[in-house]
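Engineer: The following block contains the structure, expressed as structure tokens.
All of the numbers you see were taken from the coordinates with simple rules; none came from a lab. Only a predicted model underlies this, so the values are computations on that prediction, with no experimental measurement involved. Cβ sites come from the backbone with ideal geometry, for glycine too, and all protein chains shown count toward neighbours.
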Amino acid sequence: MIFADKNGNIMDFEGLGMVVRSGDYFVPASREDTIPLPKGSQLYVLPDRLPMGMDRETGEIVVLRKNPFDGRGPVYAVAAFLSAAHTQTHLAAWENRANAGILPLFAYTGLGWSDGFVATAMRTDASRRQDPDMFDMDAVHEGIRDWKRKFPGNRLVEHLSHCAACYGCPAALNLFQGREEAPLPTSPSCNANCVGCISFQEGCEPPSPQERISFTPTPEEIAEVALAHISRVDEPVVSFGQGCEGEPLMVGDVIRDAIRLIRKQTSKGTINLNTNASMPRRVAELADAGLDSMRISMNSPRPETYAAYFRQGYGFDALSKSAYEMKKRDRFVSINLFVFPGVTDAPKEAQALREFVSSNGIDMVQWRNLNMDPDAYLDILGQKFPAGIGMRRLIEEIPVRRGYFNPYLGNAG
């Protein structure tokens, strides 16, 4: 097991085995459950949370309350935040102390030690577009300077420069390096009120890890960025709907006009929309304008579980209707599934996912980790979930392409 001492020093303790969590269940981790901690992952010391381990002699799951090396306290649980392209299969395990606050909006994956740090995770996308060794910050800063020289007054360039330099947004970093997928944030507003929204939170607990875009770029500003990226990348993808914005369909007219401007100049590249898919008519308009792919965000294919998290102002059936508008035009549709072990793989959730994928002609599932305090998430769902079938099994059983990123689909037309 892994724990942290009162000074935040992270250490392993061989006397107790690694314990992880799936929903409300705490279980010992086997070697087969883990992989070496992916490069670029981060370790989080969790305040007011006691680490848990397994007594190797009795098999009992116990709570560690003092440092086993000096008998002193306090001690803290530790979790991993996985680097991109990796999906968690179990959560970190801990016991909350009295009055423990809500954790920030990150994912908390099980972490242990076996000749090095290990995590309960699997790689779900072979693309290296956001691997840490792919980023050259000197090249990024030179790219920012170059883009600002070429496009003075373009507010979207200025916004994305801030995302790259201040937040280290991987999509923005790739834009300024001339690689892979470029972000096109557009909407300062949203028609959902997601509990774990990473760009807008009422109050300060937990705080948003980044600021939402405060303006809507013009179609010309959007097209300028998209065309510049498409023209210099071998397999370019440009995507509306980013972590630094609300729902892009709220400004569907602007996006439609931007897509028309892009497609008037080039048939190269994949134009993608990350969305809650709440407005089927607007999706149809965007598809007719030249949208190539759509990724639907959801925490669950079951309306009850979905509504508890999204707290949306639209019906759940809009998601299927939007998928239909894309599929009848022979376009690519994927799901951005917020993975939470113990809920995502619960039998009723797993079956609903199979049915949603099959009935809506879904081409791909992107297995992305839910960024939220696990206890807070289970509280807002307000349901009891039996033991899950296992995230690895679920991922392997869903019979469509699996991944983590929006794929390049070739040239339009």
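Engineer: Using every Cα-Cα pair within the range 237-278, state what percent have a distance larger than 15 Å.
Structural biologist: Pairs farther apart than 15 Å: 42 percent.
Engineer: Does the range 242-373 come out rounded, prolate or oblate by the C-alpha gyration tensor, with a ≥ b ≥ c the root eigenvalues, rounded set by a/c under 1.5 and, if not, prolate when a/b is larger than b/c and oblate if not?
Structural biologist: It is prolate, given that a/c is not under 1.5 and a/b is the larger ratio.
Engineer: Could you pull out every residue, at least 5 positions away or on a different chain, whose amide H is within less than 5 Å of the one on Ser41? Hs are placed 1.01 Å off N in the peptide plane, and Pro or chain starts have none.
Structural biologist: Close amide H contacts, sequence-distant or interchain: Ser83.
Engineer: Another one. Which of the listed residues, Thr266, Val357, Ile35, is farthest toward the dipole's positive end in the chain, when Lys, Arg count +1 and Asp, Glu count -1 at the beta-carbon?
Structural biologist: Projecting each Cα onto the dipole axis, the largest value belongs to Thr266.
Engineer: GluC sites (Glu not before Pro) within the range 193-266: which are DSSP loop residues with at most 10 other Cβ atoms inside 10 Å?
Structural biologist: Counting only loop positions with at most 10 other Cβ atoms within 10 Å, the GluC sites (Glu not before Pro) in the range 193-266 are Glu202.
Engineer: Within the range 386-413, list the residues whose amide N lies under 20 Å from a label point set 7 Å along Cα→Cβ of Glu235.
Structural biologist: Only 400-413 pass the distance filter.
Engineer: Quick one: angle between helix 347-359 and the longest Cα principal axis of the chain, in degrees between 0 and 90, rounded to 10, please.
Structural biologist: So the inclination is approximately 20 degrees.
Engineer: Also, I was wondering about something else. Quick one: order Arg331, Arg72 by neighbouring beta-carbon count within 10 Å, fewest to most.
Structural biologist: Going from sparsest to densest Cβ surroundings: Arg72, Arg331.
Engineer: Sort 101-108, 124-131, 57-64, 234-241 by the packing proxy (mean of other Cβ within 10 Å over each peptide's residues), most packed first.
Structural biologist: 234-241, 101-108, 124-131, 57-64
Engineer: Restricting to bridges with both residues inside the chain, how much of the DSSP beta-bridge set is antiparallel, in percent to the nearest 5?
Structural biologist: Looking only at bridges with both residues in the chain, the antiparallel portion is about 55 percent.
Engineer: Once every DSSP H run of n ≥ 4 in the chain is given -39500 (n - 2.57) and the sum is divided by its residues, what mean residue ellipticity at 222 nm do you get, rounded to the nearest 500 deg cm²/dmol?
Structural biologist: Rounded to the nearest 500, it is -8500 deg cm²/dmol.
Engineer: Okay, next question. Along the charge dipole of the chain, which of Gly71, Pro407, Gly53 sits closest to the positive end, that is, farthest toward it, with unit charges on the beta carbon of Lys, Arg, Asp and Glu (+1, +1, -1, -1)?
Structural biologist: Farthest towards the positive end: Pro407.
Engineer: I've got another one for you. Cα centroids of the range 317-347 and the range 63-78: how far apart, whole angstrom?
Structural biologist: Computed from Cα coordinates, the inter-centre distance equals 43 Å.
Engineer: What order, most packed first, do the peptides 42-49, 341-348 have when packing is the mean number of other Cβ atoms within 10 Å of each residue?
Structural biologist: Per-residue Cβ counts within 10 Å, averaged per peptide and sorted highest first, yield 341-348, 42-49.
Engineer: Kindly state, as a whole number, the per residue volume in cubic angstrom of the convex hull around the alpha carbon atoms of the range 2-123.
Structural biologist: 111 Å³
Engineer: While we're on this one: If you average the alpha carbon positions of the range 369-413 and of the range 239-306, how far apart do those two centres end up, in angstrom?
Structural biologist: 20 Å
Engineer: Counting other beta carbons within 10 Å of each Cβ, put Ser293, Ser320, Ser199 in order, fewest first.
Structural biologist: Ser320, Ser199, Ser293
Engineer: Which three extents, in whole angstrom, do the alpha-carbon atoms of the range 144-403 cover along their principal axes, largest first?
Structural biologist: Rounded to whole Å, the extents work out to 57, 43, 32 Å.
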